[in-house]
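Some notes on the structure that comes next.
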Amino acid sequence: MRLLIWHVDHFTAEPTERGRSKIADAEPRAASVTDGLVVFAAVEKPDEAEPNAVAARAAQAITEVARQLGVHDILLHSFSHLFVELSTPAAAREVLNATQRLLEADGYTVSQSAFGWFNRLEMRAKGHPLSRVARQV
């Protein structure tokens, strides 16, 4: 799983068009976060073997950044672009949902953007050394 974590002033993902995946939110809604983290996440084919372990490593990596920044609000955004060996959409959904549950169990407020949809994105990112962090878990 690959993560690109952005510390943002504000981020909004507004669903505009359903993607080709058979797995998609039936009633997509806009998602947003203010003064929090946006996690662009890509679940890869090898992650399918151990989805719970991958989710645990992702939650740990996200928690480390959140603690360093003193942030409590997190938005997970499925981001399949730019990655070659993606998992199935069902596996990606499973890992993202498990990651969300783990983060919420640690006390974070977590949401997800519409899964299986193209989104119009609006983002204002902070500009400090930890405002953009990449991880592979």
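The values are calculated or read from the model by the stated rules, or taken from the named source; none is laboratory data. Quick caveat, the model's predicted, so the values are computed rather than measured. Backbone-built Cβ (ideal geometry, glycine too); neighbour counts: all protein chains shown.
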Limited to region 11-62, what total is found for residues that are part of a helix (DSSP H, G or I) and more than 11 Å from residue 137 (Cβ to Cβ)?
-> 6
Quick check: anything in region 63-72 modelled with pLDDT of 95 or more, touching a helix residue (DSSP H, G or I) at 6+ places or on another chain (Cβ under 9 Å) and outside any loop (DSSP other than H, G, I, E, B)?
-> yes
Within region 20-51, restricting to residues that are among the β-branched types (Val, Ile, Thr) and more than 17 Å from residue 9 (Cβ to Cβ), the one that is farthest from the chain's Cα centre (by Cα) is 23
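Yes/no matrix, rows are residues, columns are (1) of a type in the set (Asp, Glu); (2) assigned to a loop (DSSP other than H, G, I, E, B); (3) touching a residue at least 12 places away in the same chain (Cβ under 8 Å); (4) surrounded by 13 or more Cβ atoms within 10 Å (Cβ to Cβ):
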residue: 95; (1), (2), (3), (4): no, no, yes, yes
residue: 99; (1), (2), (3), (4): no, no, yes, yes
residue: 104; (1), (2), (3), (4): yes, no, no, yes
residue: 111; (1), (2), (3), (4): no, no, yes, yes
residue: 115; (1), (2), (3), (4): no, yes, yes, yes
residue: 124; (1), (2), (3), (4): no, no, yes, no
residue: 133; (1), (2), (3), (4): no, no, yes, yes
Say we look at region 61-86 and pick out the residues that are within 22 Å of residue 126 (Cα to Cα) and of a type in the set (S, T, N, Q); which of these is surrounded by the most Cβ atoms within 10 Å (Cβ to Cβ)?
-> 78
What number goes with the only condition from (1) surrounded by fewer than 17 Cβ atoms within 10 Å (Cβ to Cβ); (2) within 16 Å of the chain's Cα centre (by Cα); (3) farther than 20 Å from residue 131 by Cα; (4) in contact (Cβ under 8 Å) with a residue 60 or more places away in the chain that residue 54 does not pass?
-> (1)
